[in-house]
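Novice: Can you read through this structure? Questions will come right after.
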Amino acid sequence: MQTVLFLFPQLNLSAPKEEPYRTIKQESQEEKSENRNRLKEKRNRLSLLLQKAESREIFIPFPSKPEKTNAPLDEPSKWGESLDQLLAHKSGLGLFRAFLQSEYSEENIEFWMACEDYKKTKSPAKLASKAKKIYSDFIETDAPKEVNVDFHTKEVTKKNILQPTLSCFDLAQRKVHTLMEKDSYPRFLKSQLYKGLLKQTQVENNGYRRRSQSFTSTTGLLQTQAEFTVWL
């Protein structure tokens with residue numbers, strides 16, 4: 001004779017066998033949808049914070065499309081690994097520009113960005129005019145946004161733009177990159193702007209992981225309870 005031992009009376013085992021699984025599946029889909037919405041909301045808050053940091057008008061020495069911030073929640077932590085990591089992310093680059101502008105030293109990053117844009121020039125006919133503008137804006141003595149490079153670099157760059165190529169600003173760009181790496185980048189990492197953003201994203205990341213782990217554990221327990229029947 002077989003006897004069914006009900007170890008979990010709170011479950012309705014008299015209901016059709018498929019019902020507990022159907023309920024769990026529905027709840028699982030609702031939880032996943034809710035988690036996706038929370039993640040989207042956090043990304044929107046990160047975007048808003050970056051937009052506030054850049055709320056002051058920033059001079060851009062070349063045409064630029066509006067940046068879309070849809071960064072992973074752990075992206076700001078990668079910006080502290082190296083200057084190149086920071087500049088490789090659009091959100092990080094935007095925040096770094098805002099920080100430098102707050103220190104009235106944005107000419108270095110703007111020159112670096114102008115060089116990056118210049119190297120993407122596809123039309124040889126445009127090289128001469130763009131090279132002349134970058135030189136007059138950033139390199140020549142008493143330029144409006146003069147960067148801090150040595151006399152030798154100025155002379156080399158001046159000769160290069162007479163017959164412009166995509167690499168004619170490479171020397172000056174390397175000098176400015178090194179200057180930012182040793183000076184402004186360490187200050188950025190110590191700034192309240194970056195520390196505040198990093199702390200916020202870390203807290204939100206930890207909260208999201210805890211909720212995900214809790215959801216996984218709860219779902220597994222429900223499935224175990226629904227299937228647990230002992231036959232004697």
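The values are calculated or read from the model by the stated rules, or taken from the named source; none is laboratory data. This is a predicted model, so every value here is computed, not measured. For the accessible areas, the whole protein counts, side chains as well, though only heavy atoms, and no ligand, DNA or RNA atoms are used. Shrake-Rupley method; radii C 1.70, N 1.55, O 1.52, S 1.80 Å.
Novice: Non-local amide H neighbours of Ile161 (under 5 Å, H modeled in plane, Pro and chain starts lacking H): which ones?
Specialist: Placed amide hydrogens put nothing under 5 Å from Ile161.
Novice: Asn205 to Ala143: extension gain in nm, 0.36 nm per residue of separation minus the Cα-Cα distance?
Specialist: Answer, rounded to one decimal: 17.8 nm.
Novice: Another question, if that's okay. Could you look at the stretch 92-213 and say what percent of its accessible area is carbon and sulfur, using a 1.4 Å probe and all protein chains?
Specialist: 53 percent
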